[in-house]
Every structure is written in structure tokens, then in C-alpha cells.
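Worksheet for the structure shown next.
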Amino acid sequence: MRRINEDSMDDFKGLRITQLDTDDEDDEAATEPISIDEFDDYDDEEDDEDDEDCEPVMLGFVESPKFTWSSLRQLFPNLAGGVPAWLDPVNLPSGKSILCDLCEEPLQFVLQLYAPLTEKESAFHRTLFLFMCPSMSCLLRDQHEQWKRTPEKAMRSAKVFRCQLPRVNPFYSSEAPKQDGTDKPLSHGAPLCTWCGTWKGDKVCSGCKNARYCSPKHQVLHWRLGHKTECQQLRAVIETSDSSPVNNGVSLTQKQKVASKSLWKEFVLINEDESEYDTEMSENDEVAKPLVSKREVNDQMKSLMNDFEGDADKKSFVNFQQRVAKAPEQVLRYCRSSGSKPLWPIASGRVSKSEIPNCKSCGGPLCFEFQVMPQLLFFFGGKNDKESLDWATIVVYTCENSCESSLSYKEEFVWVQLHSQTT
């Protein structure tokens, strides 16, 4: 099976995965103990992890949305790029939490995963949202912050938020969506930024009283792009009519148009079990044409090998490449269970158990839930230069108990591993 049918009920369930069976394959068998000075606090617990059997994994692939309504929030979509489909559309993250801690600019949406927990009523709907600063210089500074071994105080350019709702809530029907374009949420959401369409637009243009912004930066960008002229036209219309400003509202069955041209291209994420790729398919199997060729991915993998000087990094990367080569288009690996762990591309720059903080809300432990692969950069149109955003993998850890708190969006822990650990 190459892709899951988007219109099926299975797709509505999304990543409704909790406890998974054990797989005999060892995803770290080829690695050696790390012997790099700046990572000398990695002890026997990391070596023990390398000996664990890996858990079955769900792989994520990107596809262009089939319908204009495919990514609406009432369908609980899995998305990459574009703008988020907020689960709680009213009580969005705000303040400094939406900013890159380094440059203090609003973060850009990377992806979201609908990952409800069937055994927990308060997490009947549950979505994880990943954001990043698009500046590679900020990501490099973020990496140095991680090396300081104080993740609870680190300045971050990547953040992840968890939101969950019970089945009965003020925003959605308790019945499963029909997936035919007729589904509607129960209420409107908060007005969003006219520029990025991502964060709450709590600042209103003083001229037209129509455009909204999440930050002064986005207001300036919109003004320079052409809102200066548009604003004057809107003011003229308002002054010569009894019409009131539109208040940046959108239909319950439509998405807000975004002014920014710098957002990453929008995709729908489709999930498949990695075991589907354990047996090589025959040439007669009907499969979808890959968006990125295996040769193209492998060529990039080989070129990256030149960046690794240590044997541990090279062996780890060979293991990574062999595992990923089964499905080279994968952009995400999901596995939320007590024994799950990431597939690390390189040996250096991993997070140790002692560096994973406890949950900010309940104080309990965090567990690995998913990782984002560097292949996503192909689809986002990343360039091959040192100024462009790049990563080896992005690993997300979430509250093991998926706890509740007064905040609708609880910040979880994200660890970014870069290809070069000496930059």
C-alpha cells in the first residue's frame, strides 16, 4: 500500500496510536559509543538505549491537498507547511511563546499531527503543533543553547505545542466528520494575523480597521507589500458608506487568505506503517509516482557523509540511511510508546535522558512521540546554501501522561539535531 485513502474513516483516526507492539529491528545497531569531548556526559544509559529493540513506526508522507476543504480544522487534519488548523481556535498561544527567543520574530508553522489518545477522555481530540524560526542563524544559536545543558532555560528557535479536547466540547460536533466538504465547526475562531494567518491578530490596523496583525513586524511587512494602497481604498469605502469593517472574519467552511508569500508550501500528511516497506514491492505493483526520486535523496545523503569526520557519526548515518531508504520520501516518523526512541542520523548532538526536562505543566516525565526528517526540506523548497534552514532531524518529546492544565496550548520539548556539530 503506497498511500492511505484520505476519504476513509481510517484517515479521520489520523495518528490514533498509543501502545505499539515490539519490532525486532535495532535502529542503532551500527553505532558506537560517543567519544566526543563536548558530549562526554553521555554515559551508559545511552549505550543501553542503543541495545533496545525499536518499536513499530508510522511514517508520514506529504501530498498536495485534494480539495480546498481538506485542511480545515473541523476535519482534524495532519498538515505540513501553510498555516495551522488550530484545534482550540480561540485560546491560541500568545505573548513571547509565539516568538523566536533569539530574534524575537514570530515563529513559522512547520507541521501539525492529529494524535488523539483513545484511553484518555480529555484527549479524545489531541493535536501537536511544531513551529520554527526560518532563520538558520537562529537555529545555530539555538543549537549552542542546547549544548549548555540547561534546556529549561534555553533560548529556542523551535517550539512545539500540545492541545487536547474531550469529545464533547464547544468547538466541534461529537460525531465524526463526513469528509465530504459539508462539515462545519460549531463556532468561529479568533481573528488571525492578516500577514501570516498563523497567530492571533490582536493588533488592528489604525487606518482601515480591517487588517489584523500578530506583531509590529508583520504589520510593516504587509504595509510594504501593498497594504498602504489597499488601506487607503478601504478607508475611502468606509467613509462613503454605512458599512462597518469586516473584522477579518472568514467562513466556517473556508480558510483565511494570507498575504505573506514566504510561508512554506502547504501539504497534507498521510501516514503508513513502516512495516509496509519491509518487503520489497514487485515492479507490477501499482504505486503512486514519487515526488522525490530515491536517487535524489540518496545523492544528498552521500554528499552529507563528507561532513562527518568521526567514525561514530559515519556509522550512525549509514544505519540511518539504510533504514530511511525503504521509504525515502518519508518526512516524519511517529511512535508514541514507553520503549520508543528516535532514529538519530548522527551519533553526536543527541539528547541524553538527563537533558530531557520534565513536563512544564504537571512535572511528570516526557516521552518520545515523533521526529521530523530532513526530507521535508525538499518539499518546502529548501536551498542548498549555508544561509538556508537545515537540520539532521527534529525530535519531539511530550508529556507521558498527556496532562491537562489551565492553558489550552501546552509547550512541550523539541530537540533539533544539526548535521554539523562543530558549526
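Values in this text are rule-based calculations from the coordinates and carry no lab data. In this text, all values refer to a predicted model and were calculated from it rather than measured experimentally. All Cβ positions, even for glycine, are placed from backbone atoms using ideal geometry, and neighbour counts span all protein chains on display.
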Self-check item: Proximal charge balance of PRO191 [Cβ under 11 Å; K/R count +1, D/E count -1]
Solution: +2
Quiz item: What's the local net charge at GLU175, with K and R +1, D and E -1, over the other residues with C-beta under 13 Å away?
Solution: +2
Exercise. Filter the GluC sites (Glu not before Pro) in the stretch 111-198 down to the DSSP loop ones having no more than 16 other Cβ atoms within 10 Å, then list what survives.
Key: GLU119, GLU152, GLU175
Quiz item: Between the DSSP loop rule and a limit of at most 12 other Cβ atoms within 10 Å, which trypsin sites (Lys or Arg not before Pro) in the stretch 160-211 are left?
Solution: LYS178
Practice problem: Evaluate E = 1/(1 + (r/R0)^6) for LYS386 and GLU175, where r is the Cβ-Cβ distance and R0 equals 51 Å; express this FRET efficiency to the nearest 0.05. | Solution: 0.50
Exercise. Return the FRET efficiency for the residue pair ALA325, SER206: r is the Cβ-Cβ distance, R0 is 35 Å, and the value is rounded to the nearest 0.05.
Key: 0.05
Self-check item: Given LYS200/LYS410; LYS96/LYS209; LYS228/LYS261; LYS96/LYS265; LYS184/LYS255, the pairs whose alpha carbons are separated by over 19 Å
Solution: LYS96/LYS209; LYS96/LYS265
Quiz prompt | Charge tally in the Cβ shell below 11 Å around CYS103, where Lys, Arg are +1 and Asp, Glu are -1, CYS103 excluded | solution = -2
Quiz item: Given the Cα-Cα distance of LEU252 and SER64 and 0.36 nm per residue of separation, how much length would full extension add, in nm?
Solution: 65.5 nm
Quiz item: By counting other Cβ atoms within 10 Å of each Cβ, how are SER275, SER402, SER174 ranked from fewest to most?
Solution: SER174, SER275, SER402
